[in-house]
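The values are calculated or read from the model by the stated rules, or taken from the named source; none is laboratory data. Note that the structure is predicted; figures quoted are calculated from it, not measured. Note that we place each Cβ from the backbone using ideal geometry, even for glycine, and neighbour counts take in every protein chain shown. To get the accessible areas, we keep the full protein, side chains included, count just its heavy atoms, and leave off ligands, DNA and RNA. Shrake-Rupley method; radii C 1.70, N 1.55, O 1.52, S 1.80 Å.
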Amino acid sequence: YQDDHSYLLHCLKAGGKRFAGTCLFFADREDAPKKLAELSKKCHLVAARVHAYAPERQPPFGKPGLKALWKQTADLGLAVQIHFEPRYAPGFEPYIKEFGKTTVIVDHLGRPFQGTPKEHKVVLDWGGKYRNVVMKVSSLPEPERYPHRKIAPVVKAITDAYGSGRLIYGGGWGAGVSAKAYRAERERIAGYLSHLTADERAAVLG
């Protein structure tokens, strides 16, 4: 979540060919594209992250820095992985559209419960408008968590909008995680995909 990648490099070295990395550079820093290119030569990267979450640390929407970083990511053949509250989704749309051949991974269902249904509908609509957008099915809240909206209808709406071919699974990690806990989380999320065929579920779960 910061732009020091020394631990990432350590993990990729330790993991060998089993691992691939995702990096993060701050688009408001002029040297971000150059640093991204340099890092890509040192290790196996698959994506660069952009966060629009904390109000005091937003990407420079509509300014040259974000476009330059997005272009560098595209030129390197990497995906752009975006993590945001739904209210910030419109700021990303011009880049998704302009760089239509670059895969964009939306983290954590687009955080539907960190915004209103109207705000999250922007993210749902990307499924039909932009074929380069992929949704990550992860961080599904427990039913008893605030704001106490049901997640099952959201997952159904997302699968309808994106289709199983543009959904990817990610989850089960956390403090004290075990193999048993990881499997339990995977099975919990698979339960929300029960409306899909077995082949479609397999496609999502990888």
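Condition first: touching a His at 6+ places or on another chain (Cβ under 6 Å) and closer than 30 Å to ASP160 by Cα. Can you find one or more residues in segment 59-80 that meet it?
Scanning segment 59-80, I find no residue that is touching a His at 6+ places or on another chain (Cβ under 6 Å) and closer than 30 Å to ASP160 by Cα, so the answer is no.
Before we move on, is GLU38 over 20 Å from the mean Cα position of the chain (by Cα) and either part of a loop (DSSP other than H, G, I, E, B) or modelled with pLDDT under 95 (or both)?
On the way: over 20 Å from the mean Cα position of the chain (by Cα): yes; either part of a loop (DSSP other than H, G, I, E, B) or modelled with pLDDT under 95 (or both): no.
For GLU38, the condition - over 20 Å from the mean Cα position of the chain (by Cα) and either part of a loop (DSSP other than H, G, I, E, B) or modelled with pLDDT under 95 (or both) - is not met.
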**OP:** Consider LEU69 carefully, then state whether it is over 29 Å from GLY115 (Cα atoms), assigned to a helix (DSSP H, G or I) and either hydrophobic (A, V, I, L, M, F, W, C) or in contact (Cβ under 8 Å) with a residue 12 or more places away in the chain (or both).
**Re:** no
Original post:
Out of all the residues in segment 85-96, is one or more open to solvent by less than 60 Å² (accessible area, probe 1.4 Å) and without any contact (Cβ under 8 Å) to a residue 24 or more places away in the chain?
Top reply: no
**OP:** Select from segment 183-196 the residues that are part of a loop (DSSP other than H, G, I, E, B) and touching a residue at least 24 places away in the same chain (Cβ under 8 Å) and write down the one among them that is least open to solvent (accessible area, probe 1.4 Å).
**Re:** LEU193
Original post:
List the pairs whose first member sits in segment 20-34 and is within 12 Å of VAL80 (Cα to Cα) and surrounded by fewer than 18 Cβ atoms within 10 Å (Cβ to Cβ), whose second member is modelled with pLDDT of 95 or more and of a type in the set (Lys, Arg), and whose Cβ atoms are under 9 Å apart, counting only residues at least 6 apart or on separate chains?
Top reply: THR22/ARG49
Subject >> Selection from segment 152-182 of residues that are closer than 20 Å to ALA202 by Cβ and in a loop (DSSP other than H, G, I, E, B) >> reply: GLY163, GLY170, GLY171, GLY172
Original post:
Is segment 112-119 home to any residue that is touching a strand residue (DSSP E or B) at 6+ places or on another chain (Cβ under 9 Å), open to solvent by less than 90 Å² (accessible area, probe 1.4 Å), of a type outside the set (Val, Ile, Thr) and modelled with pLDDT of 95 or more?
Top reply: no
Original post:
What number of residues within segment 165-182 satisfy the criterion of being of a type in the set (Gly, Ala, Ser), closer than 22 Å to VAL122 by Cβ and open to solvent by less than 50 Å² (accessible area, probe 1.4 Å)?
Top reply: 1
Original post:
Among the numbered criteria (1) at pLDDT 95 or above; (2) small (Gly, Ala, Ser); (3) assigned to a helix (DSSP H, G or I); (4) open to solvent by 30 Å² or more (accessible area, probe 1.4 Å), which single criterion is violated by GLY100?
Top reply: (3)
